[in-house]
Amino acid sequence: MSDLILTNARIVLDDEVITGSVTLRDGRIHEVDQGYSRIPGAIDCAGDLLIPGLIELHTDNLERHMEPRPKVDWPHAAAIMAHDGELASVGITTVFDAMRVGSILSGKSRYNEYARKVTTELMELRTSGALRISHFLHLRAEVCSETLEAEMALFGPDDRVGLVSLMDHTPGQRQFRDLSKLQDYVQKKHAMTDAEFDEHVAHLRSLRAEFGDQHEAVAVSEAKRYGAVLASHDDTTTDHVTVSAGYGVRVAEFPTTVEAATACHDRNIAVMMGAPNLIRGGSHSGNVAAQELAEKDLLDIVSSDYVPSALMTSAFLLSQLWDDLPRAIATVTKTPAQSVGLTDRGRIAEGLHGDIVRIHMLNDTPVLRGVWSHGRQVG
């Protein structure tokens, strides 16, 4: 394979921005040099930025493609490839596809198992070379469910499970401490009456009482069996974080309070917040604002959550807030890679994967002009 040379670019490195060239060879970064390359065929980036490919640890985007409307089951192969292409188009070159494990088979708002089947289809597409970017799994372990243990048993070390998060959506705590927020969300989604909502809340609380502790233990054990990193979800109090640290959690997804985020940093747990929260200026659930955590130096990683394009936008918002572009870009590249043990990507450095994004700045708005995954242009 011939070299690909991107020159006359502002290259975002770990701690500085330099003007120079990046050479990709055999899918990896071969050289990073200062100065202009005059080698024939080199691509003149005209002063555009080059940053590492974005790394997404928590996105529900695949589920959105699988069910584009309520009760519409889209063909999975088409959904997976559309999801893959969408992420490539916004600069994401590594994704941890979030899939729920743990189902509720009784009650009005029941939901069924899907993760094992979709994972098999995803891996078949990956093996065939149909996908543009790197895919890992993020299993969202719903402890407030009926079937978590059985569903997690279907996965193993060969399934590329990189992250397991402990999800506890029991009403009245964590994300939904304010039951009115949950009621508004659930009643709109499932067309419940007030009486049906009360029954729904009681049912979930009974499941947590019956299965919760057992399911937490199972999720922690299974994460170790897969070789996956463990994440907490919606930690609210210092006590929550103490429990998370005891389990060996390395990433805290969306802590809901400054108290919890501070406790995470005290225990060397990386804090991840949602890009939509940062862009909108607050949490849709009424929890702590991502910007507040950023201002208090308590924000380490950003996730697009449910809007893939938000990941890039959020990084440049943080760059303005901190007046530090390398630090901001690290929240969507270097730091998420490090938090899940990926040492082969997330930075522009010799020997790492050729995952590169070229960005033209239109005033304060980043405009993508090229995306390369493992040295191959995908966007």
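The values are calculated or read from the model by the stated rules, or taken from the named source; none is laboratory data. Please read all numbers here as calculations on a predicted model, not as lab measurements. Glycine gets a Cβ as well: all are built from the backbone with ideal geometry, and neighbour counts include every protein chain shown. Keep in mind that these areas ignore ligands, DNA and RNA; they rest on the heavy atoms of the full protein, side chains included. Shrake-Rupley method; radii C 1.70, N 1.55, O 1.52, S 1.80 Å.
When DSSP assigns beta bridges and you keep just the ones with both residues in the chain, what percent turn out antiparallel, to the nearest 5? The partial results should precede the final answer.
Details: 28 of 64 bridges.
Antiparallel: roughly 45 percent of the beta bridges in the chain.
Using Cα-Cα distances under 8 Å and only pairs 6 or more residues apart, what relative contact order does the stretch 67-144 have, in percent?
About 42 percent, as a whole number.
Give me the accessible area per residue for the chain, probe 1.4 Å, as a whole number in Å². Mind showing how you got there, number by number?
Values: 16000 Å² over 379 residues.
Computed with neighbouring chains in place, this is 42 Å² per residue.
Could you go through the stretch 322-331 in sequence order and give the Karplus-derived ³J(HN,Hα) for each residue, using 6.51 cos²θ - 1.76 cosθ + 1.60 with θ = phi - 60°, rounded to whole Hz, and x for Gly and Pro?
Residue by residue, the stretch 322-331 yields 8, 6, 7, 5, x, 5, 5, 4, 4, 5 Hz.
Relative contact order of the stretch 1-85: what whole-number percent is it, with Cα pairs under 8 angstrom and at least 6 residues apart?
25 percent
For Thr238, Thr257, write out the residues from largest to smallest accessible area, computed with a 1.4 angstrom probe and no ligands counted.
Thr238, Thr257
Give the separation of the Cα centroids, the stretch 249-294 to the stretch 299-362, in Å.
Taking the Cα centre of each part, the stretch 249-294 and the stretch 299-362 sit 17 Å apart.
Once the dipole of the chain is set up with Lys and Arg at +1 and Asp and Glu at -1 on Cβ about the Cα centre, which of Met273, Thr7, Phe254 lies farthest towards its positive end?
Of the candidates, Thr7 comes out farthest on the positive side.
Projected onto the charge dipole of the stretch 1-121 (+1 at Lys/Arg Cβ, -1 at Asp/Glu Cβ, origin at the Cα centre), which of Thr94, Asn61, Cys45 gives the Cα projection farthest towards the positive end?
In the stretch 1-121, that residue is Asn61.
Ignoring ligands and nucleic acids, what accessible area does Asp159 show with a 1.4 Å probe (Å², nearest 10)?
Rounded to the nearest 10, the figure is 20 Å².
If DNA, RNA and ligands are ignored and the probe is 1.4 Å, what is the ranking of Arg25, Arg38 by accessible area, most exposed first? Display every interim value, and only then the final one.
Working: Arg25 90, Arg38 200 Å².
My answer, sorted largest first, is Arg38, Arg25.
Counting only helical runs of four or more DSSP H residues, what would the 222 nm mean residue ellipticity of the chain come to if each run contributes -39,500 (n - 2.57) and the total is spread over all its residues?
Result for the chain: -11000 deg cm²/dmol, rounded to the nearest 500.
Percent of accessible area on the chain owned by carbon and sulfur, 1.4 Å probe? Spell out each step's value before the answer.
On the way: 7710 of 16000 Å².
With neighbouring chains kept in place, the figure for the chain is 48 percent.
Largest first, what is the accessible-area ranking of Lys117, Lys224, Lys71 with a 1.4 Å probe?
The residues order as Lys71, Lys224, Lys117, largest area first.
Compute, for the chain, the length of the dipole vector about the Cα centre, with Cβ point charges of +1 (Lys, Arg) and -1 (Asp, Glu) only. Units Debye, rounded to 20.
About 700 debye.
Could you identify which residue out of Arg345, Arg267, Arg327 has the top mean-square fluctuation in a GNM of the chain using Cα springs shorter than 10 Å?
Judging by the Gaussian network model, the answer is Arg267.
What's the whole-number percent of alpha carbon pairs in the chain lying beyond 27 angstrom?
49 percent
Net charge near Arg132, counting Lys/Arg +1 and Asp/Glu -1 over other residues with Cβ under 13 Å of its Cβ?
Local charge sum for Arg132: -1.
With the contact rule set at Cα under 8 Å and sequence spacing of 6 or more, what percent relative contact order holds for the chain? All intermediate terms of the calculation are to be shown ahead of the outcome.
Details: 819 pairs, mean separation 77.0, N = 379.
20 percent.
Lys pairs in the chain, Cα-Cα under 16 Å, at least 8 apart or on separate chains: how many?
Counting lysine pairs in the chain gives 6.
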